[in-house]
Amino acid sequence: MRKLIALLKVGVPIGIGIYLVWYFISGLTPLEISQVKASFVEADYFWVILGLLVSFLSHLSRAKRWLLLVYPMGYFPSIASAFHGVMAGYIINYTIPRSGEFARAGLMAKYEGVPFEKGFGTIVVERIFDLLMLGLVFLITGYMQIDAKGFSAIAQSNETDQNQSLPIIVLIGMVLVVSAIIAYFFSPRIQDFIREKLRGIWEGLTSFWKMQEKWNFLGHTFFIWVCYVGGIWIFAQAFPETADMPIGCVFGAFVVGATAIALLPGGLGAYPLWVSAVLNLYGIDFPGYGVFMWVAITILMIVFGLLALFLIQRKKEVDTKR
């Protein structure tokens, strides 16, 4: 049994990696493949490496920011484990959309002793601050656009598909809520379980107000988003066609790229298409930029995500039961 578990710990990440590589390559059109080949030849790799380094630092900062929320609750995971949790969550999002946050909380519970409900509560806090930053970036982007109508059409081009899936999500949520309410009133054991979990989630949600390093947390949040937006400009310097990209185009490309990633696993297909559409609004006809940046960042995510899954599973499990 131990040999089987050890084999699975190695085999599962490798299997996920093989699936993602296949899924990634199969989603590329012949035109995108030719654009990738051409852009890989033409790119200035000083800027490419710098862009990947900035992306790496944003993920490292995200891990450190999460630790600032966990420390006031009396849990002290290592920065390495926190980083592995962040990257593992990202790669799991590629396989099952929206599942990365749950997986990250589960990994931290299993290997660092942070109860799932408390860890998940802190991740929700992170997402609230990220949502505020995203809203700020959207406002700045809208103000800067030279063609507001054209940009709005690009940003909302997948709105129909999103609206079609919303009723299904709401229906599933309602079924789960009703089931939980029925179980709550008919089982004292379930009542105790739910109360305990809700207390843990609340403790995670209120962790920001307990921390002494609030400005440090806000500083990390600002740094993360500067890295996100700045990475668009840095990658643009790798090609002569995009080296003079206007600041409005930088913000616009980031917003549509972030929207694509939110709607599809890794932004597959939509990311390079929408980024290229924004570039066209500014008179930049170079589809290879969006494809290249998407490929480079996806490779970074897959490599570090698989490595994170492998390394974190080498730790001993921690019993979080009280």
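Evaluate the following for GLY288: is it closer than 28 Å to GLY142 by Cβ and modelled with pLDDT under 85?
Yes; evaluated as a whole, the condition is true for this residue.
For the range 194-205, does any single residue satisfy the condition of being of a type outside the set (D, E, K, R) and either more than 26 Å from ALA88 (Cα to Cα) or modelled with pLDDT of 75 or more (or both)?
Yes; the residues of the range 194-205 include at least one that is of a type outside the set (D, E, K, R) and either more than 26 Å from ALA88 (Cα to Cα) or modelled with pLDDT of 75 or more (or both).
Considering ILE261, ILE312, ILE234, ILE297, which residue is within 23 Å of LEU67 (Cβ to Cβ) and of a type in the set (A, V, I, L, M)? Please lay out each step first, then the result.
On the way: ILE261 fails: within 23 Å of LEU67 (Cβ to Cβ); ILE234 fails: within 23 Å of LEU67 (Cβ to Cβ); ILE297 fails: within 23 Å of LEU67 (Cβ to Cβ).
That would be ILE312, the only listed residue that is within 23 Å of LEU67 (Cβ to Cβ) and of a type in the set (A, V, I, L, M).
I need a count of the residues in the range 118-150 that are at pLDDT 85 or above and of a type in the set (Asp, Glu).
Residues that pass the stated criteria total 2.
Within the set of pairs 6+ apart or on separate chains, which have a first residue in the range 39-63 that is β-branched (Val, Ile, Thr), a second that is assigned to a loop (DSSP other than H, G, I, E, B) and buried (at least 19 other Cβ atoms within 10 Å of the Cβ), and C-beta atoms under 7 Å apart?
That search, which allows pairs on different chains as well, returns VAL48/ALA238.
If you take the residues in the range 79-113 that are outside any helix (DSSP H, G or I) and in contact (Cβ under 8 Å) with a residue 12 or more places away in the chain, which one is farthest from LYS315 (Cα to Cα)?
Looking at residues that are outside any helix (DSSP H, G or I) and in contact (Cβ under 8 Å) with a residue 12 or more places away in the chain, I get PRO97.
The values are calculated or read from the model by the stated rules, or taken from the named source; none is laboratory data. Here the structure is a predicted model, which is why all the values come from computation and not from measurement. Here the Cβ is made from the backbone with ideal geometry for all residues, glycine too, and neighbour counts use every protein chain on show.
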